[in-house]
Amino acid sequence: MPHSDVIISLRDVQKHYEKGDMRIPVLRGIDLDIKRGEFVAIMGQSGSGKSTLMNIIGCLDKFDGGRYAFDGRDVSNLDGNAQARLRSLKIGFIFQSFNLIPQMNALRNVELPMIYSGRPRESRHRMAKAMLGMVGLEDRIDHIPAQLSGGQQQRVAIARALVNNPSLIVADEPTGSLDSQTGELIMKQLTKVHKAGTTVLLVTHEPHIAEYAQRTVYISDGKMVKGAA
Amino acid sequence: METIQQAWLALRDHRLRTVLCILGITIGVASVMAVSTISKGGNHVVYSELETFGLNSVWVYRDYRADSPLKRQRSGSGIDNEDYQALRDRASSLGIAKVSPVVWPNNWRGRLKFGNRYSDSTLFGVNEQYAAMVNDVLETGRMFNSNDINRKQPVAIITPDIVEKLYGTNENAIGKHFLVRDRRFQVIGVLAPKSRDFLASIGSEGGQNANDRVLMPYTVIQSLNNEKSINNFQIEVIEFDDADRTGAAVQQVLTQRHRNRLSYQYDTMAGYIKTSDRILGGVAIVGIVAASISLLVGGMGILNMMSTSVLERTREIGIRKSVGASEADIQRQFLLEAVMISLIGGALGLAIGYISSVVLARVTEFPLIPSPMVLVGALLVSIAVGIAAGYLPARRAAKMHAVDALRTD
Ligand SMILES: Nc1ncnc2c1ncn2[C@@H]1O[C@H](COP(=O)(O)OP(=O)(O)O)[C@@H](O)[C@H]1O
Ligand SMILES: [Mg+2]
């Protein structure tokens, strides 16, 4: 496949954690290619290293060995500032626990990424409102997270992940804290995001959630494996 | 702008904590301001009162101190009218602008009588230049002149207090008479009142009440004394900086004229000013150090609050990083919160310090209004305290590992 079609390319990516004197390997040489516009699910048992991998792909964490190219550019050795810039402009995170700032209402939470990407106040406001409308929360913009249901909070998080029009959405078990009906709703929303052309990486351990993706890859004990473990 | 709003929101979430920190800085800034203003005001008061003695003054008199080798070879004041004449002849080469003999009553009391009224006042003899040297101004009448001095005219300059005691209030005293040692004196001038509240209040007036004085031609006091001696010279030097040189030169002239059998000493206003500067400076430093400690405590309050805040908001920091905040963004946010606390505290302290010094100035009539320098300084200091106290917590927040931060709850 032509190089420019690949948005994520991992080669022998390794990651350890230090526990006292011990080096605990978490990722033991990950090879993974994701094409631009793909919707890929990553499955694996708890503790297999899924979140660690997602954080590395989302440039939120560093790794110890191997190569990572994002959008055709080697980002293995980016400094903290460049990583932050990349996260700000190209990547949107969705977490299992929503991770909204509790003191801020929905609107301000959605505005936050645009503050760091330097968008002027007026357009920030407009964009945040539009995004909240898109996830069906136009009448909840001044609610703080505690005044929203889990599903609503996750929709705010989706709006927040999308406001800077990223090329990649990283969703780490986005339905893990939701009942199945709400989970389906969130997945429909992510499918819409994918349909709009954004690359979506989804972590889940529920097969019926993975079915929303075009392709599922499996990780076990820090390595990519063929088929479910 | 956005960051300021965010900092404001964050501070509002911890109202009590924020208010306490602000209070700490307020107290610190207010006390630093109070101390520096008061010490400046004190300086001013002391200066303006010393000025009433003449800033260029030098006093020369016989050295009676126990360790003086020529102490008791001869009794008496050791200064006579020929010495006075000698100083006048050589005035300009000695750096003297004006010189006056000062003659005190010997063994008699300065009691002024008018009918059955009397006043026990400080009475002394000087020449026509004395009043100008000590910044005495006539309210009415005239100063005695060299003619009065040469002809030993029984004339006197008195103060308003004495006018009141002898003649009653609202009386024009010029031309009126009084008796001293059964001799009749005529009042030719009345001095304007003098303010020496501060010196009087610390007992530095040496028993001489500035507003209860009688000035007479020195020759008149000499004849009442029945001897032609002079107690000391009051000298005004041409140059303030030459006070010591003139003092020493006069000392030498007198010693030589008395063939080394007597020794002399001198005091200068310049010396007194130096001493008072040293004392007031010391007081100010002690005060400012003490006040700075309260500012330091305020700073520690901010440091403590910001450290707690960073820990509590670890997850928030992780979230902000995950949506694209750089280290600099995070550091700026926390630094701004710290500076906002200290700046609000500083502004309040400034207001309190300013208002209280204005009120104090009204009440005490001391000039205690803080200068713009002090105001600007106080604001700069509070910003500096905020930055100093906020730097480490902000740095810690900025360096936080995003993934670890997101895992905390
Ligand atoms: N900060 C950390 N320190 C030490 N061990 C960690 C840390 N983060 C994750 N791990 C370990 O790495 C492994 C993979 O974790 P994670 O990527 O969260 O797995 P998953 O998301 O697949 O459940 C687990 O065994 C976990 O205990
Ligand atoms: Mg996980």
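The values are calculated or read from the model by the stated rules, or taken from the named source; none is laboratory data. Everything quoted here is computed from the prediction, not taken from an experiment. A quick note on method: Cβ atoms are made from the backbone with ideal geometry, for glycine too, and the neighbour counts reach across all protein chains shown. Heads up: the accessible areas ignore ligands, DNA and RNA and are worked out on the full protein's heavy atoms, side chains in. Shrake-Rupley method; radii C 1.70, N 1.55, O 1.52, S 1.80 Å.
Brief remarks on what is shown
- Only listed residue being more than 25 Å from B:A30 (Cβ to Cβ) and either of a type in the set (G, A, S) or surrounded by fewer than 18 Cβ atoms within 10 Å (Cβ to Cβ) (or both), chosen from B:T268, B:T255: B:T255
- Among the criteria (1) assigned to a loop (DSSP other than H, G, I, E, B); (2) in contact with a Gly (Cβ under 8 Å, 6 or more places away or on another chain); (3) without any contact (Cβ under 8 Å) to a residue 40 or more places away in the chain, the one B:L379 does not fulfil is (1).
- Residue check for B:S326: within 14 Å of chain A (Cβ to nearest Cβ) and free of Cβ contacts under 8 Å to residues at least 60 places away in the same chain: yes
- Restricting attention to segment B:374-409, the residues being within 14 Å of another protein chain (Cβ to nearest Cβ) and not basic (K, R) number 11.
- Across segment A:91-114, the number of residues qualifying as surrounded by fewer than 20 Cβ atoms within 10 Å (Cβ to Cβ) and more than 9 Å from chain B (Cβ to nearest Cβ) comes to 2.
- So A:G44, is it among the small types (G, A, S) and more than 13 Å from ligand 2 (Cβ to nearest atom): no
- So A:I57, is it over 30 Å from B:L11 (Cβ atoms), in contact (Cβ under 8 Å) with a residue 40 or more places away in the chain and either within 16 Å of ligand 2 (Cβ to nearest atom) or of a type in the set (F, W, Y) (or both): yes
- Counted as qualifying within segment B:214-322 are the helices (runs of 4 or more DSSP H) with 1 or more residues that are among the basic types (K, R), namely B:243-257, B:269-312, B:314-322.
- Boolean, B:R117 is charged (D, E, K, R) and in contact with a Leu (Cβ under 6 Å, 6 or more places away or on another chain): yes
- Test: A:S9 is away from chain B (no Cβ under 14 Å) and either under 17 Å from A:V170 (Cα atoms) or charged (D, E, K, R) (or both): yes
- Cβ-Cβ contacts under 8 Å between residues 6 or more apart (or on different chains), taken from a first residue in segment A:115-135 that is free of Cβ contacts under 8 Å to residues at least 40 places away in the same chain and at the interface with another protein chain (Cβ under 10 Å from one of its Cβ atoms) to a second residue that is open to solvent by 80 Å² or more (accessible area, probe 1.4 Å) and not in a helix (DSSP H, G or I), are listed as A:R121/B:M1.
Residue-wise test of (1) closer than 30 Å to B:S309 by Cα; (2) open to solvent by less than 10 Å² (accessible area, probe 1.4 Å); (3) not small (G, A, S).
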| site | (1), (2), (3) |
| --- | --- |
| B:R12 | yes, no, yes |
| B:R15 | yes, no, yes |
| B:G24 | yes, no, no |
| B:V32 | yes, no, yes |
| B:V35 | no, no, yes |
| B:L50 | no, no, yes |
| B:F53 | no, no, yes |
| B:R65 | no, no, yes |
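- Any hit, segment B:82-97, residues being within 30 Å of B:A361 (Cβ to Cβ) and either open to solvent by 90 Å² or more (accessible area, probe 1.4 Å) or within 14 Å of chain A (Cβ to nearest Cβ) (or both): no
- Answer residue from segment B:166-182, given it is surrounded by fewer than 18 Cβ atoms within 10 Å (Cβ to Cβ) and at negative phi and is modelled with the lowest pLDDT among those: B:E171
- Looking across segment B:183-201, the residues that are modelled with pLDDT of 85 or more, within 17 Å of B:D136 (Cα to Cα) and open to solvent by less than 20 Å² (accessible area, probe 1.4 Å) come down to B:V187, B:I188, B:G189, B:V190, B:L191.
- The set of residues from segment A:117-141 being buried (at least 19 other Cβ atoms within 10 Å of the Cβ) and within 17 Å of B:V323 (Cα to Cα) comprises A:R124, A:M127, A:A128, A:M131, A:L132.
- Residue in segment B:354-370 that is assigned to a helix (DSSP H, G or I) and either within 19 Å of B:T18 (Cα to Cα) or within 16 Å of ligand 1 (Cβ to nearest atom) (or both) present: no
- Matching entry among B:T3, B:T18 (being in a helix (DSSP H, G or I) and modelled with pLDDT under 80): B:T3
- Residue check for A:R108: under 22 Å from the mean Cα position of the chain (by Cα), over 22 Å from A:P174 (Cβ atoms) and free of Cβ contacts under 8 Å to residues at least 24 places away in the same chain: no
- The criterion of at least 3 residues that are among the charged types (D, E, K, R) and open to solvent by less than 60 Å² (accessible area, probe 1.4 Å) is met by none of the strands (runs of 3 or more DSSP E) falling completely within segment A:142-221.
- Scanning segment A:48-65 for residues that are small (G, A, S), under 13 Å from the mean Cα position of the chain (by Cα) and within 7 Å of ligand 1 (Cβ to nearest atom) yields one hit, A:S51.
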